[in-house]
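Just so you know, all these numbers are worked out from the coordinates, no wet-lab data involved. Values in this document were obtained by computation on a predicted structure and should not be read as measured data. Glycine also receives a Cβ, built like all others from the backbone with ideal geometry; neighbour counts cover every protein chain displayed.
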Amino acid sequence: MLKLYFAPRSRAIRVAWLLEEMDLDYELVSYALGDPAMRSPEYRADIHPMGRVPVLVDGDVQIMESGAILEYLITRHDGDRFRPAPTNREYPAYLQWLHYSEGMLMPQVNSYMVETFFLPPERQSETHAKRAKKLLGQMLAPVDSALDGRNYLAGDFSAADIMTGSAAISAKGIGIDMSHMPRLIEYVDRLMTRPAYKKAAAL
Ligand SMILES: N[C@@H](CCC(=O)N[C@@H](CS)C(=O)NCC(=O)O)C(=O)O
């Protein structure tokens, strides 16, 4: 059975979300974020060299990186309905939004979290936190524009929505002002009401 190394309120939700959308059985190995067990030499040697989640194990395959795991599941587990075919006109948009999440949005979410939560108060920088929040807001504007006249980023709901959509959900969670991005607000609501998202987010 597929095994997912997971933590609530982490990027591992993306993988659980797709597993739920695909109706695949999986075993969950769940940690709380910050659990020292994830930093242990054993975890780093056997599961993830940086002590992170998600990691998926599928027989003799072990793979990290949420975006890579989604692509792997779609390719190896009959998930073509969650990715436009390479010949489809939506395919470039699919690739773009699949990668925009970790490439552009999440570094700002990370910076914000580091500067407001993970660092001890005496080392936090309000300037860096403000800058991360401002950049994140700017970087969400193209997502809002891309949603003009459409419900999802690349045709039907796809793994690109799980990636960039979950970053937008995180942005909402940290209080990014989206009042001037009504399509993004509706998109986040649309994604959060999907039964598979609800199940993954409640794990
Ligand atoms: N780019 C990686 C990021 C993985 C990552 O940083 N995961 C975080 C949770 S969102 C983590 O495991 N943090 C544990 C920790 O820092 O203790 C991915 O998309 O999978």
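Against the definition (in contact with a Gly (Cβ under 8 Å, 6 or more places away or on another chain) and assigned to a helix (DSSP H, G or I)), how does MET163 come out, yes or no? Against the criterion (in contact with a Gly (Cβ under 8 Å, 6 or more places away or on another chain) and assigned to a helix (DSSP H, G or I)), MET163 qualifies. With respect to (1) away from the ligand (no atom under 11 Å from the Cβ); (2) within 30 Å of LEU140 (Cβ to Cβ), the lone exception for ASP60 is condition (2).
Conditions (1) away from the ligand (no atom under 11 Å from the Cβ); (2) free of Cβ contacts under 8 Å to residues at least 24 places away in the same chain; (3) not in a loop (DSSP other than H, G, I, E, B), marked per residue:
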{"position": "TYR5", "(1), (2), (3)": "no, no, yes"}
{"position": "SER10", "(1), (2), (3)": "no, no, no"}
{"position": "ILE13", "(1), (2), (3)": "no, no, yes"}
{"position": "GLU27", "(1), (2), (3)": "yes, no, yes"}
{"position": "HIS48", "(1), (2), (3)": "no, no, no"}
{"position": "PRO92", "(1), (2), (3)": "yes, yes, yes"}
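Just wondering, is there one or more residues in the range 57-78 that are surrounded by fewer than 18 Cβ atoms within 10 Å (Cβ to Cβ) and in contact with a helix residue (DSSP H, G or I) (Cβ under 6 Å, 6 or more places away or on another chain)? Checked the range 57-78: at least one residue is surrounded by fewer than 18 Cβ atoms within 10 Å (Cβ to Cβ) and in contact with a helix residue (DSSP H, G or I) (Cβ under 6 Å, 6 or more places away or on another chain). Can you say whether LYS134 is basic (Lys, Arg), closer than 21 Å to ARG9 by Cβ and part of a helix (DSSP H, G or I), as far as the supplied structure shows? Criteria not met by LYS134. Before we move on, is LEU18 within 15 Å of the ligand (Cβ to nearest atom), in contact with a helix residue (DSSP H, G or I) (Cβ under 7 Å, 6 or more places away or on another chain) and either hydrophobic (A, V, I, L, M, F, W, C) or outside any helix (DSSP H, G or I) (or both)? Against the criterion (within 15 Å of the ligand (Cβ to nearest atom), in contact with a helix residue (DSSP H, G or I) (Cβ under 7 Å, 6 or more places away or on another chain) and either hydrophobic (A, V, I, L, M, F, W, C) or outside any helix (DSSP H, G or I) (or both)), LEU18 qualifies. Consider the range 57-90 and keep the residues that are of a type in the set (Ser, Thr, Tyr) and in a helix (DSSP H, G or I). The one that is nearest to the chain's Cα centre (by Cα) is SER66. So in the range 94-111, with the set limited to residues that are in contact (Cβ under 8 Å) with a residue 40 or more places away in the chain, of a type outside the set (A, V, I, L, M, F, W, C) and within 13 Å of the ligand (Cβ to nearest atom), which one is surrounded by the most Cβ atoms within 10 Å (Cβ to Cβ)? The extreme case among them is SER101.
Residues checked against (1) closer than 24 Å to PRO8 by Cα; (2) touching a Lys or Arg at 6+ places or on another chain (Cβ under 9 Å):
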{"site": "MET113", "(1), (2)": "yes, no"}
{"site": "PHE118", "(1), (2)": "yes, no"}
{"site": "THR127", "(1), (2)": "no, no"}
{"site": "ASP144", "(1), (2)": "no, yes"}
{"site": "ASN151", "(1), (2)": "no, yes"}
{"site": "ALA154", "(1), (2)": "no, yes"}
{"site": "ILE162", "(1), (2)": "yes, yes"}
{"site": "ILE169", "(1), (2)": "yes, no"}
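Picking from residues in the range 63-77 that are in contact (Cβ under 8 Å) with a residue 60 or more places away in the chain and farther than 16 Å from ASP25 by Cα, the one that is nearest to the ligand (Cβ to nearest atom) is SER66. If you check LEU153 against the conditions, is it outside any helix (DSSP H, G or I), over 13 Å from the mean Cα position of the chain (by Cα), buried (at least 22 other Cβ atoms within 10 Å of the Cβ) and away from the ligand (no atom under 16 Å from the Cβ)? Taking the combined requirement at face value, the residue satisfies it.
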